[in-house]
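In what follows, a structure is listed as structure tokens, so that the remarks can point back to it.
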Amino acid sequence: MNIKDYIASGILEQYAMGLTSDQESEEVESYVRKYPELLVELHAIQDALLNYNLSYSKEPLHNLEHSILGKIDALPATPSAPLPSAPKPMAGADQKYKKAIGLAGIALLAALASLFYLFQQNRQTKKALADTMSQMEQLRSDCEAIRNSNAKMADYINKVGDPNSKAVVMKGLEPAPNAVAVVHWNQVKKEAFIEVKDLPPAPKGKQYQLWAIVNGKPTDMGVFTLQAGDNELKSVPFIASPQAFAVTLEDEGGSPVPTLDQMYLLGNV
Amino acid sequence: MNTLPGKISDEEIIALLLDKDKRGVSYLYQAHSRLIFGVIYRIVKLEDLAENVMQDVFLKVWQNIESYNASKGRFLTWVVNIARNASIDVVRSKDYRKNQRTDNVDTEAAHHHSDEMEVDHIGVKEVVAKLDPKYSSLINLIYFEGYTQQEVAEELDMPLGTVKTRIRKAFSELRTVLK
């Protein structure tokens, strides 16, 4: 049983107000015994109703305590009738039904019974349908999430798994010795991607910038906002013959020249 | 709801009642008579009749304590629901309805009067007042007037499902108001 759904069904509120049938009440109590969360919820609901009732508090005109104790003393020792779980139906209803029950009445009752049966069935079917719909909705959103993550993974494999793709691992320098990022570089397709494995988040107002070192000179390959754990590739400009790649921390938007003492990552091709 | 600080707890009252110790009745009366009587009076609307029902309710609690257990939730809710059922039974009896035809105007007035007075008196006016009237009237119809949900649905001309949803909303509203 799904506890959340059970709570959301409103049955506990119905139970607290005494609106459930004997059978429903027994079911509620058995679930409450089994699932402590339901008892907590039931208590909260009952407290709300008790607080509501408190608004109507009233002192009896006379103190009845003494009189009650006297009546208890006068009680016979025989056990009492069990408590009804709900108020009796309207008085007078009995006679009304008695009059109606002739032969025609019986036929009517039979018709009503089957109508009631169909009504119940219909209700159960509707409930089952609603349950199924909500399960469907859940499955649909799960499916959507899996589809997205699959597409990402396929894209990753497609790019990185290409035999012409070369991975240049950039290792962390002094500011973050544990940092790791990879430039996937494909000489044939003339494509390059950066992937961040481990890198501290850039401070506010700062961004990481990727550089290629060509003939000993840094070439701007743009800023990126990837974070560790993104499992994502970001396309970066392709540079024909780099000797190395490096990442520096720069002001937001990047810098025309690298700030060398803020170099976080470096990897030779 | 727990009993007031420094007072005897519901658990102790239950234990005494199970032991057939009449102090359980006394403590229950001392701790909760206003709440229980308030519910009865709100339903039967006549003070002396409410006092009779009140005594019957305490006898029922005394005689049926074995049928209470923790899986029913709060002990006090169990007691109050006995009071509610007994009161609605009285209101539906032929005697009551015969008398009510003549007393109708008086009791209606008394009842309005009491709603305002009592609520003011104990200072929890906010609880009912803060609640959207569409919710408080729904709770009152069902809990105090004894309407079935089906009857409410017909009365307010809305589907049964909407009535049930609205009851749940009423409670969640009530719980927010009480926070």
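The values are calculated or read from the model by the stated rules, or taken from the named source; none is laboratory data. The model shown is predicted, which means the values in this text are computed figures rather than measured ones. Note that we place each Cβ from the backbone using ideal geometry, even for glycine, and neighbour counts take in every protein chain shown. Side chains included, ligands, DNA and RNA excluded: accessible areas come from the protein's heavy atoms. Shrake-Rupley method; radii C 1.70, N 1.55, O 1.52, S 1.80 Å.
Observations, loosely collected:
- The set of residues in segment B:170-179 that are more than 8 Å from every other protein chain (Cβ to nearest Cβ) and either surrounded by fewer than 17 Cβ atoms within 10 Å (Cβ to Cβ) or among the β-branched types (V, I, T) (or both) comprises B:S172, B:T176, B:V177, B:K179.
- Candidates A:K171, A:K190: the one that is in the same structural domain as A:T259 (by TED's automatic domain parsing) and modelled with pLDDT under 90 is A:K190.
- When segment A:104-145 is filtered for residues that are open to solvent by less than 100 Å² (accessible area, probe 1.4 Å) and within 27 Å of the chain's Cα centre (by Cα), the ones remaining, listed by number, are A:T125, A:A128, A:A130, A:D131, A:T132, A:S134, A:E137, A:S141, A:D142, A:C143, A:E144, A:A145.
- The single condition from (1) modelled with pLDDT under 90; (2) under 30 Å from A:L75 (Cβ atoms) that B:A83 fails is (1).
- Any hit, segment A:158-170, residues being more than 30 Å from A:A8 (Cβ to Cβ), open to solvent by 70 Å² or more (accessible area, probe 1.4 Å) and in contact with a Lys or Arg (Cβ under 7 Å, 6 or more places away or on another chain): yes
- Checking each residue in segment A:25-75 for being of a type in the set (S, T, N, Q) and surrounded by 15 or more Cβ atoms within 10 Å (Cβ to Cβ) picks out A:S25, A:Q46, A:N51, A:N53, A:S55, A:S57.
- Filter result (within 8 Å of another protein chain (Cβ to nearest Cβ) and more than 13 Å from B:V44 (Cα to Cα)) within segment B:88-102: B:K94
- Picking from residues in segment A:28-38 that are more than 7 Å from chain B (Cβ to nearest Cβ) and not in a loop (DSSP other than H, G, I, E, B), the one that is nearest to B:L131 (Cα to Cα) is A:L38.
- Restricting attention to segment B:61-87 and to residues that are within 7 Å of chain A (Cβ to nearest Cβ) and farther than 17 Å from A:S25 by Cβ, the residue that is surrounded by the fewest Cβ atoms within 10 Å (Cβ to Cβ) turns out to be B:Q63.
- Residues that are open to solvent by 10 Å² or more (accessible area, probe 1.4 Å) and within 10 Å of chain A (Cβ to nearest Cβ) were ranked within segment B:34-53; the one that is nearest to B:G146 (Cα to Cα) is B:R42.
- Among the residues of segment A:100-152, those identified as more than 24 Å from B:L160 (Cα to Cα) and either touching a Gly at 6+ places or on another chain (Cβ under 8 Å) or β-branched (V, I, T) (or both) are A:I101, A:I106, A:I146.
- For segment A:145-164, a residue qualifies if it is under 15 Å from A:H184 (Cα atoms), out of contact with any strand residue (DSSP E or B) (no Cβ under 7 Å at 6 or more places or on another chain) and among the aliphatic types (A, V, I, L, M), and exactly one does: A:I157.
- One residue stands out in segment B:137-169 among those that are facing chain A (nearest Cβ under 8 Å) and either aliphatic (A, V, I, L, M) or part of a helix (DSSP H, G or I) (or both): the one that is surrounded by the fewest Cβ atoms within 10 Å (Cβ to Cβ), namely B:T165.
- Single match in B:L28, B:L18 (criterion: surrounded by 19 or more Cβ atoms within 10 Å (Cβ to Cβ) and either over 21 Å from B:K72 (Cα atoms) or in the same structural domain as B:D89 (by TED's automatic domain parsing) (or both)): B:L28
- Residue list for segment A:1-27, restricted to those being assigned to a helix (DSSP H, G or I), under 25 Å from the mean Cα position of the chain (by Cα) and not charged (D, E, K, R): A:I3, A:Y6, A:I7, A:A8, A:I11, A:L12
- Members of segment A:229-259 found to be among the small types (G, A, S), open to solvent by 30 Å² or more (accessible area, probe 1.4 Å) and either on the phi < 0 side of the Ramachandran plot or in contact with a Phe, Trp or Tyr (Cβ under 6 Å, 6 or more places away or on another chain) (or both), listed by number: A:S235, A:A240, A:S241
- Hey, B:R92 on the phi < 0 side of the Ramachandran plot, open to solvent by 20 Å² or more (accessible area, probe 1.4 Å) and free of Cβ contacts under 8 Å to residues at least 24 places away in the same chain or not: no
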